[in-house]
Amino acid sequence: MSPSRRAVLLGLGAAALTGCAGPGSAVYQILDSYRALDRAKKDYAFTKAEILDQPLGVLGVQVDKGLKGIVVWSKREGALDYWRSGNGVLVVTQAGRVVKTSGFPQDLMASRLVSGIDPLGQPLDPAREYAFVREIDYRPDQYGVAAEHRLRYVGPSTITIFDETRPVAAWEETVRLPSKRQSYTQLLQVDPQTGQLLGSTQRVGARMSVRFELLKPSAG
């Protein structure tokens, strides 16, 4: 444990024991910062009304249980939707699947379907398993990595965005990278009627997962 981290923990422990941390003290400021940090991991910095008042679509983003942020729909080119943040983060999706990112600690440069049919964006059959192969490029120097996808139905579930709870069909996607001798799973939560992807946890970098939530659909 680093000295600074240990000092913070000791300060918090002392405040809890003595109860003497006043609003003007450094320990109180540390406690307040931790509370704000915890809130920022659980809640977006925008209200539901503020999001819905936006003229464009909004996608919630949370990197590996970090702070919650948003990217705003920018444009559609063909089947691709481009979402951008004010600080330069770019997320490109196809029917909700992330196919390119920029500005994350790790980035996905490209994801291309090379075999089979990727069923995202249409109603999915719970009785089926879907298999297809994509080819992915990761920064800094991983190109043309074959990714074998297998998508299976887990069961009914719900997703809560702001104060609204919606039913979803939960699907587990297993992705195998034979050349890397690696595999991982992704969670896809879709509207059971339309197949629209409402929430997901998808791999962006070689070892980094990101949580996405559709806060407001794009009109494009």
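FYI, it's all coordinate maths here, none of it is from the lab. Source: prediction; values computed, not measured. Glycine gets a Cβ as well: all are built from the backbone with ideal geometry, and neighbour counts include every protein chain shown.
Computed quantities for the displayed model
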item	result
Proxy reagent accessibility, fewest Cβ within 10 Å first, across Asp125, Asp107, Asp137	Asp125, Asp137, Asp107
Chain lengthening between Leu90 and Tyr184 when straightened (0.36 nm per residue, less Cα-Cα)	31.5 nm
Ranked list, fewest to most other Cβ atoms within 10 Å of each Cβ, for Thr101, Thr165	Thr165, Thr101
Approximate shape of region 48-216 as ellipsoid semi-axes (Cα gyration tensor, √5λ), whole Å, largest first	24, 21, 14
Net charge contributed by nearby residues that have their C-beta within less than 15 Å of Ser115 (K/R +1, D/E -1)	+1
Which of Ser209, Ser115 has the fewest Cβ neighbours within 10 Å, and the rest in rising order	Ser115, Ser209
Candidates per trypsin sites (Lys or Arg not before Pro) in region 105-148, loop by DSSP, up to 11 other Cβ within 10 Å	Arg128
Alpha-carbon Rg with Dmax, taken over region 95-168, Å	15.3, 42
Given Lys48/Lys68; Lys75/Lys216; Lys65/Lys100; Lys100/Lys180; Lys42/Lys216; Lys42/Lys180, the pairs whose alpha carbons are separated by over 25 Å	Lys42/Lys180
